[in-house]
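Colleague: Here's a structure for you.
The values are calculated or read from the model by the stated rules, or taken from the named source; none is laboratory data. Just so we're clear, the structure is a prediction, and the values are computed from it rather than from any experiment. We place every Cβ from the backbone using ideal geometry, glycine too, and count neighbours over all the protein chains shown. For the accessible areas, the whole protein counts, side chains as well, though only heavy atoms, and no ligand, DNA or RNA atoms are used. Shrake-Rupley method; radii C 1.70, N 1.55, O 1.52, S 1.80 Å.
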Amino acid sequence: MRRRLGGSNRDVFAVGLGCMGLSWAYHDRSLDENAGVELIRRAIDLGVDHFDTADVYGPFTNEKLVGRAVRGRRERVVLATKCGLVLEDAATYRYGRGGSPAHIRDACEGSLKRLGVERIDLYYLHRIDPKVPVEESWGAMAELVAEGKVRWLGVSEAKVPELERISRIHPVTAVQSELSLWTRDYLQDVLPWCESHGTSFVAFAPLGRGFLTGAISAGARFEPEDFRSTLPRFRAEAVAENQTIVERIRAIAGRRGATSAQIALAWVLAQGDRVLAIPGTQRAEYLEQNVAAASLELTPDEFEELGALPAPVGARY
Ligand SMILES: NC(=O)c1ccc[n+]([C@@H]2O[C@H](COP(=O)([O-])OP(=O)(O)OC[C@H]3O[C@@H](n4cnc5c(N)ncnc54)[C@H](OP(=O)(O)O)[C@@H]3O)[C@@H](O)[C@H]2O)c1
């Protein structure tokens, strides 16, 4: 299943690879670099051609890994990276924002170097900086396009009024925001905005950071260095309560002879032609399952049943 990237003339496979978890956030935070490179190359062989990273993942190491993995295969892939989130404390995952034009220009130079490319395909503002008018941040990013350092622009977690403001300055090729069976907020307004503006909606954490796959049972505990230990939805009582969601996905998966992860991804992709998903994984087996999910079409009954799942306990951040 291939889908058009924003208003561009480029199609990508609907399931990309979110590379964050190869160096950051989950497990012990990182996989051996050679294993990460091998996984990305396996993804390319399977037809995946959209890879998502950010300067803050690592910080900085994930871009190097992705750059190394795509060397010699550059023309086959769309490389997406991000600026504008600045790590203030790695131990607690505390972030600040960096939306000033000077920061964005420096960040872009850094990303180009670490990725080892002359141009970034899709460059996102990772978060809007409340201290900087968004027009200034977006204007600086549009200059990067004019200079040939970036091909297309995207923004993460923006709301409709912000999208309206920035799209007057330069087209928004992609909005990257959380969308999954337990995070549906953006279906009401941002996805319709994307549809009417020819913008891709790139669904991040489409597997609910692993929860929707059924791998996280009641009683699971997260080490302090696992990012999920900071999220209300992953506190013990929420994990226990939210098993109802997992059980219902598992039942549908069982009937379809699919995995829960595949059902969760198929539901995200069924939200419309503008939607792309970027699940993350460290394992080739999961990667293969996620790629295969692009061919899994839910029946109207399954789609409805999934749409009626209860809202989760616990805020997402
Ligand atoms: N813009 C933003 O602010 C933002 C925020 C978060 C994420 N992102 C992007 O979105 C990407 C994906 O999000 P994410 O990695 O946070 O969450 P995710 O894709 O929802 O979930 C990743 C988790 O699911 C597990 N998994 C993957 N495929 C599986 C399968 N087939 N069966 C069972 N388990 C499976 C992975 O396990 P293993 O690791 O053990 O394989 C990992 O623990 C990131 O890599 C990043 O690029 C962006």
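Colleague: Sort out which residues of segment 180-196 are touching a helix residue (DSSP H, G or I) at 6+ places or on another chain (Cβ under 6 Å) and either in contact (Cβ under 8 Å) with a residue 40 or more places away in the chain or under 18 Å from Ala142 (Cβ atoms) (or both), and write them in order of number.
Modeller: Ser180, Leu181, Trp182
Colleague: Can you tell me which residue in segment 251-265 is farthest from the ligand (Cβ to nearest atom), limited to those that are under 15 Å from Gly210 (Cα atoms) and assigned to a helix (DSSP H, G or I)? Break it down stepwise before answering.
Modeller: As a first pass, look at segment 251-265 and keep what is under 15 Å from Gly210 (Cα atoms): 259-265.
If we keep only those that are assigned to a helix (DSSP H, G or I) as well, we get 260-265.
On the way: Ser260: 7, Ala261: 3, Gln262: 7, Ile263: 10, Ala264: 8, Leu265: 8 Å.
The selected residue is Ile263.
Colleague: Hey, among Gly280, Gly257, Gly314, which residue is modelled with pLDDT of 95 or more and on the phi > 0 side of the Ramachandran plot?
Modeller: Numbers: Gly280 fails: on the phi > 0 side of the Ramachandran plot; Gly314 fails: modelled with pLDDT of 95 or more.
From the options Gly280, Gly257, Gly314, the qualifying one is Gly257.
Colleague: I'm checking my understanding of the structure. Among residues of segment 266-292 that are more than 8 Å from the ligand (Cβ to nearest atom) and part of a helix (DSSP H, G or I), which one is nearest to Gly198 (Cα to Cα)?
Modeller: Out of the qualifying residues, it is Leu269.
Colleague: Another question, if that's okay. Which one of the conditions (1) farther than 19 Å from Gly47 by Cβ; (2) assigned to a helix (DSSP H, G or I); (3) at pLDDT 95 or above does Ser229 fail to meet, given that it meets all the rest?
Modeller: Here Ser229 meets the rest and fails (3).
Colleague: Right, another one. Hey, can you tell me all the residues within segment 249-265 that are within 25 Å of Thr53 (Cβ to Cβ) and free of Cβ contacts under 8 Å to residues at least 60 places away in the same chain?
Modeller: Looking only at segment 249-265, we keep the residues that are within 25 Å of Thr53 (Cβ to Cβ), and these are 261-262, 264-265.
Matches in segment 249-265: Ala261, Gln262.
Colleague: Which condition number in (1) open to solvent by 20 Å² or more (accessible area, probe 1.4 Å); (2) within 16 Å of the ligand (Cβ to nearest atom); (3) over 19 Å from the mean Cα position of the chain (by Cα) is the one that Ser137 fails?
Modeller: Of (1) open to solvent by 20 Å² or more (accessible area, probe 1.4 Å); (2) within 16 Å of the ligand (Cβ to nearest atom); (3) over 19 Å from the mean Cα position of the chain (by Cα), only one is false for Ser137: (1).
Colleague: A follow-up question, please. Quick one: which strands (runs of 3 or more DSSP E) sit completely within segment 58-147 and have at least 3 residues that are of a type outside the set (Phe, Trp, Tyr) and in contact (Cβ under 8 Å) with a residue 40 or more places away in the chain?
Modeller: Ranges flagged: 78-83, 120-125.
Colleague: Mind listing whichever residues of segment 23-56 are under 22 Å from Leu87 (Cβ atoms) and modelled with pLDDT under 95?
Modeller: Start the filter on segment 23-56 by keeping residues that are under 22 Å from Leu87 (Cβ atoms), which leaves 23-31, 33, 36, 51-56.
The answer is Ser23, Trp24, Ala25, Tyr26, His27, Asp28, Arg29, Ser30, Leu31, Glu33.
Colleague: Ok, one more. Would you mind finding the one in Val268, Val202 that is touching a Pro at 6+ places or on another chain (Cβ under 6 Å) and over 24 Å from Ala35 (Cα atoms)?
Modeller: On the way: Val202 fails: touching a Pro at 6+ places or on another chain (Cβ under 6 Å).
Going through Val268, Val202 in turn, just one is touching a Pro at 6+ places or on another chain (Cβ under 6 Å) and over 24 Å from Ala35 (Cα atoms): Val268.
Colleague: Here's a follow-up. So how many residues does segment 194-226 have that are assigned to a helix (DSSP H, G or I), open to solvent by 30 Å² or more (accessible area, probe 1.4 Å) and more than 7 Å from the ligand (Cβ to nearest atom)?
Modeller: Adding up the residues that qualify gives 3.
Colleague: Oh, and also: Could you say whether any residue in segment 62-81 is within 16 Å of the ligand (Cβ to nearest atom), closer than 18 Å to Ser177 by Cα and open to solvent by 10 Å² or more (accessible area, probe 1.4 Å)?
Modeller: The answer is no; no qualifying residue exists.
Colleague: Just the residues that are among the hydrophobic types (A, V, I, L, M, F, W, C) and either within 15 Å of the ligand (Cβ to nearest atom) or under 22 Å from Ala294 (Cβ atoms) (or both), please, taken from segment 228-250. Break it down into steps so the answer makes sense when it comes.
Modeller: As a first pass, look at segment 228-250 and keep what is among the hydrophobic types (A, V, I, L, M, F, W, C): 231, 234, 236, 238-240, 245-246, 249.
Passing the criteria: Leu231, Phe234, Val239, Ile245, Val246, Ile249.
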